[in-house]
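First comes the structure, then the notes that go with it.
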Amino acid sequence: MAETKGKGSKTAKKANAKAAKEGKKNPRTSSAAQSELGKKGAKKNKSKKK
């Protein structure tokens, strides 16, 4: 099971844990946390199939 830390949704807690692992307090400045939150890197496919 993934590490979690802080408050909020399950995804936010994972992002907080990843930010802490990178040594950053704010998940918004942590690249690992941003990818967890879908801000960078691989994103979920939102296109609709016809």
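The values are calculated or read from the model by the stated rules, or taken from the named source; none is laboratory data. This is a predicted model, so every value here is computed, not measured. For neighbour counting, all protein chains shown are included, and Cβ atoms are generated from backbone atoms with ideal geometry for every residue, glycine included.
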Cβ-Cβ under 9 Å pairs, at least 6 apart or on other chains, the range 1-22 side more than 17 Å from GLY38 (Cα to Cα) and modelled with pLDDT of 85 or more, far side among the basic types (Lys, Arg) and surrounded by 13 or more Cβ atoms within 10 Å (Cβ to Cβ): ALA20/LYS5
Subset of the range 29-50 (residues that are loosely packed, with under 13 Cβ neighbours inside 10 Å and at pLDDT 80 or above): THR29
